[in-house]
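Structure record follows, encoded as structure tokens.
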Amino acid sequence: IDADSGEVLFASNTDQRIIPASLVKMMTALVALEKADRGEVNLSAQVRISAKASKIGGHQVFLKAGETFELRELLKAVMIGSANDAAYAVAEHVAGSEIEFVKAMNERAAQLGMKDTEFHNPHGLPPNKRKGQLENYTTVTDLAILGRELSKHRHVTTWASTKMDTFRNGSFQLLNTNHRFLAGFEGATGLKTGYHPRGAGFCMVGTAKRDGRRLLTVVVGARSARDRLKTATVLLDAAFKRPVAVAQSN
């Protein structure tokens, strides 16, 4: 899609329900940054890591209970390194608990018109169904809406386009999960990758800019990270070659 106008250039199976995996973190970042914009939280605030946050598992920056980090640093870890523990810590700090933060995620989704989306956690990890936890779900259409909104934030555009950074005062390396796209596609600027074996497969929301034109693509269901990258590249290349509509150029 055209990231500025919202015009859909190519589309297939856009309203099929999928499990978004780590793409959930886009909403986590959006809720936190919008609260910061409204002055409800401070990006420089020190966030104390809870025992729950330290035990989330999966892709992480290995937070320890009792440590403190700036909210800004945790969000950087979320957007660059897709850190599950950092996403949980952000949720607890911003809303007081994971439950309240997830409510805010769903409220924002409804406001944006993401009609086929429901969030149940801020990180995208598979739920523990024995504990009654539920799966996040969404659609390609809704992910495009979310990606457009998130990419408006300057912090996100900086983090999402950073191939490598550090965490924990330089002692921990953050490699962008989207680094191959950023390094290999002309004009690539982000945005987020994900993987779920039973839901979205290898997936991504990719953004790129050429000659002042901003495009966004959503790819889900790829069988490998390589196929995900190839599909996103083909779609964006084809879209950039299409003439800009007259209505958009006026």
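Rounded to the nearest 20, the Cβ-based charge dipole of segment 181-250 about its Cα centre (Lys and Arg +1, Asp and Glu -1) stands at 120 debye.
For segment 1-121, the fraction of 1.4 Å probe accessible surface lying on carbon and sulfur atoms is 45 percent.
Sequence gap at least 6, Cα distance under 8 Å: using those rules, report the relative contact order of the chain to the nearest whole percent. Please list the in-between numbers first.
Values: 476 pairs, mean separation 53.5, N = 250.
About 21 percent, as a whole number.
Quick check of the Kirkwood formula: for the chain, what is the inverse mean of 1/r over all pairs of different Cα atoms, in Å? Walk me through the intermediate numbers first.
Working: mean 1/r = 0.0551 Å⁻¹.
Radius from the Kirkwood sum: 18.2 Å.
How much accessible area per residue does the chain have, counting only protein heavy atoms and a probe of 1.4 Å, in square angstrom? Could the numbers behind the result be given before it?
Numbers: 11990 Å² over 250 residues.
Per residue, the chain has 48 Å² of solvent-accessible surface.
For each pair in 25/131; 25/230; 35/76; 64/163, compute the distance between the two Cα atoms and list the pairs where it is over 18 Å. Exceeds cut-off: 25/131; 25/230; 64/163. Given segment 35-106 reduced to its alpha-carbon atoms as identical point scatterers, what log10 I(q)/I(0) does the Debye formula return at q = 0.17, 0.20 Å⁻¹? Debye curve over Cα of segment 35-106, log10 I(q)/I(0) at q = 0.17, 0.20 Å⁻¹: -0.55, -0.77. Take 130-142, 199-211 and order them by the average number of nearby Cβ atoms within 10 Å per residue, most first; the result is 199-211, 130-142. Considering only 41, 218, 78, the mean-square fluctuation computed in a Gaussian network model of the chain, springs between alpha carbons under 10 angstrom, is largest for 41. Put simply, the amide H of residue 222, placed in the peptide plane, has neighbours under 5 Å in 202, leaving out anything fewer than 5 places away on its chain. Work out from phi, with θ = phi - 60° and the Karplus expression 6.51 cos²θ - 1.76 cosθ + 1.60, the ³J(HN,Hα) of each residue of segment 153-168, listed in order in whole Hz, and give x for Gly and Pro. Values, residue by residue: 8, 4, 4, 5, 4, 6, 4, 5, 9, 8, 6, 8, 8, 10, 9, 6 Hz. Near residue 174, the amide H atoms lying under 5 Å from its own belong to 165, 166, 167; only residues 5 or more places off or on other chains count, and H is placed 1.01 Å from N. For segment 75-82, putting each phi into the Karplus relation 6.51 cos²θ - 1.76 cosθ + 1.60 with θ = phi - 60° gives couplings of 5, 4, 5, 5, 7, 8, x, 6 Hz, in residue order, rounded to whole numbers and with x for Gly and Pro.
Compare the peptides 166-174, 234-242 by average per-residue count of other Cβ atoms within 10 angstrom and give them in order, highest first. Could you put the intermediate results ahead of the total?
Working: 166-174: 13.3, 234-242: 15.0.
Packing proxy ranking, top to bottom: 234-242, 166-174.
Every helix of 4 or more DSSP H residues in the chain counts as -39500 (n - 2.57), and over all residues that averages to -11500 deg cm²/dmol at 222 nm. Each residue of segment 237-244 is assigned a 3J(HN,Hα), and the resulting list reads 4, 5, 5, 5, 7, 6, x, 6 Hz, derived from the Karplus form 6.51 cos²θ - 1.76 cosθ + 1.60 (θ = phi - 60°), x at Gly and Pro.
For segment 152-250, the share of accessible area belonging to carbon and sulfur comes to 49 percent (1.4 Å probe, ligands and nucleic acids excluded). Between residue 41 and 36, the built amide H atoms are under 5 Å apart, and every one of these is 5 or more places off in sequence or on another chain.
The values are calculated or read from the model by the stated rules, or taken from the named source; none is laboratory data. Remember, it's a predicted structure, so these values are computed and weren't measured experimentally. Because the Cβ atoms are built from the backbone with ideal geometry, glycine has one as well, and the counts that use them run over all protein chains shown. Remember, those area values only see protein heavy atoms, side chains included, never the ligands or the DNA or RNA. Shrake-Rupley method; radii C 1.70, N 1.55, O 1.52, S 1.80 Å.
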